[in-house]
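For reference, the structure discussed in these notes is given below.
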Amino acid sequence: MKKIGIIMGSDSDLPVVQKAVDTLIALDIPYEVHIYSAHRTPEEARDFAVNARNNGFGAIIAAAGMAAHLAGALAANTTLPVIGIPLKSSVLDGMDALLSTVMMPRGIPVATVAIDGAVNAALLAAEILAVSDESLAEKLALRRAAEAVAVLEKDKSLTI
Ligand code: RP5
């Protein structure tokens with residue numbers, strides 16, 4: 001199976017990024033996590049993206065806050081799918097990162113999830129791999145079914 005690359009701009013992003021890692025682990029999807037910044041370590045971020053396809057990755061998740069250029073900078077250097085997680089790490093509560101991540105110019109797409117949406121980023125990455133992996137697609141379907149059961153159980157136990 002292809003790996004998912006998870007890149008975060010700072011170690012301070014780890015509490016949110018950990019949720020993406022946990023989701024991939026639950027689905028038995030191989031991954032690598034790195035701290036590369038579009039601003040502080042641009043060469044390393046670029047090298048990761050340039051070599052990602054040859055290094056066995058199938059998609060990249062990029063998590064960054066503030067003026068979050070990481071997802072776009074990675075996407076500029078690979079045609080692998082790049083999923084951006086805008087992080088709520090500044091006084092602007094993530095709106096800065098959301099707009100920086102989502103407003104990509106034509107030709108360089110970034111699939112942006114919600115602010116701090118790490119679980120959905122991992123699920124979207126899994127869905128990308130599942131296009132050509134029936135076993136993974138089945139795991140994703142089972143996960144959705146289990147979540148639906150959990151919601152309906154909460155509905156039944158409502159007392160108000
Ligand atoms: C961004 O700046 C990082 O992704 C992080 O969310 C934010 C703050 O980084 P630190 O100053 O905590 O390292 O590049």
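The values are calculated or read from the model by the stated rules, or taken from the named source; none is laboratory data. Worth saying up front: this structure is predicted, and the values here are computed from it rather than measured. Note that we place each Cβ from the backbone using ideal geometry, even for glycine, and neighbour counts take in every protein chain shown. For accessibility, only protein heavy atoms count, side chains too; no ligands or nucleic acids. Shrake-Rupley method; radii C 1.70, N 1.55, O 1.52, S 1.80 Å.
Assorted remarks:
- For the chain, the longest principal axis of the alpha carbon atoms and the long axis of helix 134-156 meet at an angle near 50°.
- Look at the Cα gyration tensor of the chain: its axes a ≥ b ≥ c give a/c of at least 1.5 with a/b at or below b/c, and that counts as oblate.
- Within the shell defined by Cβ-Cβ distances under 13 Å, the residues around Asn51 carry a net charge of -1, with Lys and Arg each +1 and Asp and Glu each -1.
- Relative contact order (%) - the range 1-106, alpha-carbon pairs under 8 angstrom, separation at least six: 28
- Close amide H partners of Gly84, meaning residues 5 or more places away or on another chain with modelled amide H under 5 Å apart, are Ala62, Ala111, Thr112, Val113.
- 3J(HN,Hα) from dihedral phi, the range 118-132, Karplus parametrisation 6.51/-1.76/1.60, rounded to Hz, x for glycine, proline: 5, 5, 5, 4, 5, 5, 5, 4, 5, 5, 5, 5, 6, 4, 10
- Solvent-accessible area per residue, Å², over the chain with all protein chains present [probe radius 1.4 Å]: 55
- Each residue of the range 63-75 was assigned a 3J(HN,Hα) from its phi angle through the Karplus expression (A = 6.51, B = -1.76, C = 1.60, θ = phi - 60°), giving 10, 7, x, 6, 7, 7, 9, 4, 4, x, 5, 5, 4 Hz with x at Gly and Pro.
- Helical mean residue ellipticity (222 nm; -39500 (n - 2.57) per DSSP H run of 4+; nearest 500) of the chain: -14500 deg cm²/dmol
- Take every pair of alpha-carbon atoms less than 8 Å apart whose residues are at least six positions apart; their mean separation over the length of the range 48-160 yields a relative contact order of 22 percent.
- Summed side-chain charge close to Val16 - residues other than Val16 whose Cβ falls under 10 Å, Lys, Arg +1, Asp, Glu -1: 0
- Close amide H contacts of Ala59 (hydrogens built in the peptide plane, cut-off under 5 Å, sequence separation of 5 or more or a different chain): Gly5.
- Between the range 1-54 and the range 101-133, the alpha-carbon center distance in angstrom: 13
- Above-threshold pairs, the threshold being 24 Å between Cα atoms, out of Lys88/Lys156; Lys88/Lys139; Lys19/Lys88; Lys3/Lys139: Lys88/Lys156; Lys88/Lys139
- Label zone at Arg106, where the point sits 7 Å out along the Cα-to-Cβ direction: the range 63-93 residues whose backbone N lies under 14 Å: none
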